[in-house]
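Let me begin by presenting the structure, written as structure tokens, before commenting on it.
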Amino acid sequence: MDDLGAQLRQARTEAGVTLASVAARSCYSASHLSNVEAGRRAATPDIVLAYAGARGG
């Protein structure tokens, strides 16, 4: 997997975390995060940290 958004989606789903949960724990909307996962928006360092925080890591 070369795409960071796809890697974030895979890690999130493997951890059993919903997209809505990541959005609720960050300053990003679920729509924005969905676009990141689909590769339509860039995965910034802040977004990667939001995913890490939502996973508890």
message: Just to be sure before I move on: is Gly53 at pLDDT 95 or above and in contact with a Lys or Arg (Cβ under 9 Å, 6 or more places away or on another chain) in the structure I sent?
response: no
task: Restricting attention to the range 18-36, report how many residues are of a type in the set (Lys, Arg) and free of Cβ contacts under 8 Å to residues at least 24 places away in the same chain.
output: 0
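A quick yes/no check of all residues on (1) under 9 Å from the mean Cα position of the chain (by Cα); (2) small (Gly, Ala, Ser):
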position: Glu14; (1), (2): no, no
position: Thr18; (1), (2): no, no
position: Ala23; (1), (2): yes, yes
position: Ser26; (1), (2): no, yes
position: Asn35; (1), (2): no, no
position: Arg40; (1), (2): no, no
position: Thr44; (1), (2): no, no
position: Ile47; (1), (2): yes, no
position: Arg55; (1), (2): no, no
message: Against the conditions (1) touching a residue at least 12 places away in the same chain (Cβ under 8 Å); (2) closer than 12 Å to Arg55 by Cα; (3) of a type outside the set (Phe, Trp, Tyr), where does Ala6 fall short? Just the number, please.
response: (2)
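The values are calculated or read from the model by the stated rules, or taken from the named source; none is laboratory data. Just so it is clear, the model here is predicted, and its values are computed rather than measured. Cβ: placed from backbone, ideal geometry, glycine included. Neighbour counts: every protein chain shown.
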